[in-house]
Amino acid sequence: PSQVYFKKRLRVVQGIGNLWRVDDGWWSAPISRMYYVLELEGGSRITVFHDLLHDRWYKQAWTT
């Protein structure tokens with residue numbers, strides 16, 4: 001993505017810090033996703049993923 005909404009504002013993506021693909025669950029409910037760590041204008045970093053099976057984008061919610 002070249003732009004994302006983050007904290008209720010449209011932000012320009014300045015770079016991709018990392019990316020990886022996950023394909024799993026073929027025995028039950030398959031998933032196929034591309035994950036991206038996006039570097040946004042202003043210095044923020046967020047992780048998003050593209051659900052390749054349903055062609056939808058999501059912000060990753062990390063829990064600790």
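Only the coordinates and a few stated rules stand behind these numbers; no lab work does. Predicted, not measured: the structure shown is a model, and the values here were computed from it. Cβ sites come from the backbone with ideal geometry, for glycine too, and all protein chains shown count toward neighbours.
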*Selection within segment 45-60 - over 8 Å from the mean Cα position of the chain (by Cα) and under 19 Å from residue 10 (Cβ atoms)*: 45, 56
*Residues in segment 1-55 that are part of a loop (DSSP other than H, G, I, E, B) and either in contact (Cβ under 8 Å) with a residue 24 or more places away in the chain or surrounded by fewer than 13 Cβ atoms within 10 Å (Cβ to Cβ) (or both): how many?*
17
